[in-house]
Amino acid sequence: MKKVLSIMLSLLLVMGLFTFAFAEDEPAETCEHVWGEWVVDSAADYRVTGHHHRTCEVCGETEDEDYEINANRLREIQFTMTNETYYRVYTGNTVQIVRKDGKALRWYSEASLRFTVELRHGYKFQTYVVYMNGEPVAPQEDGSYLIPANSGRVVVSLIPASFPDDEITDPPVGVTEVSGRICEYCGIDHGNNIVGRLFAFYHAVRAAYDQAMGRLKR
């Protein structure tokens, strides 16, 4: 009897070991991935290969790859502005200054485009809003604005939202406050371009001169 029980226990042990071994070798259940949209890690332009990734909405797995743009597919980006502003457009490794109202640039459909708003000497408004195709947009963390890739023809416009004497109670979407320095001599902000800096320097010298002459007259 003991021999029979020993044989049965041995068989059960062997069967358990085989079951465990085959269970370990069974392939894991595969996910039928539902991929989200591509997220750009580094944008491509006509000279540089970009890199992007996407994530499965079911299991969270990610895949990434390099990508190139089709340099033959171009779109139109049109800039409109006030007399007190202009744009600095970052086209690849170069910077293009857009000063003419209504000027249109040709840019790659599959590439994004970044620009900043620059203020001319003597601007009067306190806040402004940038629009793309009539929709207000907010600036990025660095203060620049991004025109997304594959967004077709884009018209960029800027509208002053408030002036120094206005009381702002309900600011519109995407409102940007002017972060300049008020000139103590004339009471206006000269802007951050070369002309504005020259005016600011001249007024600083003039203020120092007037102060010195006032002391001499005493």
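Computed from backbone phi, the HN-Hα couplings of segment 65-75 come to 6, 7, 8, 10, 9, 8, 5, 8, 9, 10, 9 Hz, rounded to whole numbers (Karplus: 6.51 cos²θ - 1.76 cosθ + 1.60, θ = phi - 60°; Gly and Pro given as x).
Distant-in-sequence amide contacts of Ala111, defined by a placed amide H-H separation under 5 Å and a gap of 5 or more residues or a different chain, comprise Asn150. Summing charges over neighbours of Tyr108, with a neighbour being any other residue whose Cβ is under 10 Å away from its Cβ, gives +1 when K and R count +1 and D and E count -1.
Rule-based calculations on the coordinates, nothing more; no lab input. Predicted model, so just to flag it, every value in this text is computed and none were measured. With ideal geometry, Cβ positions are generated from the backbone for all residues, glycine too; neighbour counts draw on all protein chains shown.
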